[in-house]
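Encoded as C-alpha cells, the structure appears first; notes follow it.
The values are calculated or read from the model by the stated rules, or taken from the named source; none is laboratory data. Predicted model only: the values in this text are computed from it and were never measured. Every residue, glycine as well, gets a Cβ built from its backbone with ideal geometry; the counts of neighbours run over all protein chains shown.
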C-alpha cells in the first residue's frame, strides 16, 4: 500500500511538472524527512521522458542547513525544456518562491567514465566552461514557504526555470570569494551576495553534486551543466520586469519576469 501511495503522489507531481499546472500540497510525510523526499524525487525523475541537461545543488546555504537541521544539500535533475538562454522571459505565479543567482559549470561527458571519487585535485579536469545563471524557484503545489529541506527536494528540487548568461572557458580563479548582485531597477530592488555562501564555495558544491551523481549511477551521453546554488539566497520577486544578475569575474545574466 505504501508503494502504491508514493506512486500516486509521484504521478500527480509529474503531471503538474509536465503541464505547468498547480496541485494541492502533497502529504507532509513525503517532505518532512529528507530521505523520503529524495525517494519521491528520484521516483518522479524516472517517470519523465525528457532530455536531462544537467543537475542542480539545492539547499547549499549553510545557515539554511543549520536552521533546518540538515547535514548536507541535495541534488536534482534539470531538464532541457526548463533551460533558457540569456534575457528570455519566465512566467511566475503566487507560489513562486523567488529568484536566485548562481555559478554554473559545464562538465565533460567523460566524467561518467571516471570511477574514482571526485576531489579538489581531479575535479578541474572535467570542467570546460563557467557561467552566471539565474534560477527561478517554486513549487508545483499550492503552498508557500520552506518548512523542511524535503519541501524543496521532493518537488523536482523546486526548480522552475534556469537562465544562463555567457559562458567563459574555465580558468582557475578564487571562486569562493566573488561579489555578486541581483537587481530589478524598475522597483529599485538590489541584493548583494558572495559566492562564499554556496556550501563554502561553488566548486565545493560542484564536487558534492558530481559525487552524488556518480554514486547514484546517473549517466548522460553529452556534456552537462551543474548549477551550484544561490549566492544571494532566495530573493523575493517584488515586481515583474527585468532582473539582472552579476557575478564578479564571470559576467552577467538577465531574465524578464512576467
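Points to keep in mind about this one:
- Within segment 1-22, if we keep just the residues that are more than 14 Å from residue 158 (Cβ to Cβ) and not in a helix (DSSP H, G or I), the residue that is modelled with the lowest pLDDT turns out to be 1.
- Test: residue in segment 111-119 that is buried (at least 21 other Cβ atoms within 10 Å of the Cβ) and touching a strand residue (DSSP E or B) at 6+ places or on another chain (Cβ under 9 Å): no
- Residues that are assigned to a loop (DSSP other than H, G, I, E, B) and either in contact with a helix residue (DSSP H, G or I) (Cβ under 7 Å, 6 or more places away or on another chain) or on the phi > 0 side of the Ramachandran plot (or both) within segment 239-258 comprise 239, 249, listed in sequence order.
- Criterion violated by residue 178 - all others in (1) buried (at least 18 other Cβ atoms within 10 Å of the Cβ); (2) more than 17 Å from the chain's Cα centre (by Cα); (3) at pLDDT below 95 satisfied: (3)
- Test: residue in segment 227-238 that is touching a helix residue (DSSP H, G or I) at 6+ places or on another chain (Cβ under 6 Å), assigned to a loop (DSSP other than H, G, I, E, B) and buried (at least 21 other Cβ atoms within 10 Å of the Cβ): yes
- Residue match in segment 128-135 (condition: without any contact (Cβ under 8 Å) to a residue 60 or more places away in the chain, closer than 21 Å to residue 222 by Cβ and surrounded by 13 or more Cβ atoms within 10 Å (Cβ to Cβ)): yes
- Condition met for residue 93 (touching a helix residue (DSSP H, G or I) at 6+ places or on another chain (Cβ under 8 Å) and modelled with pLDDT under 95): no
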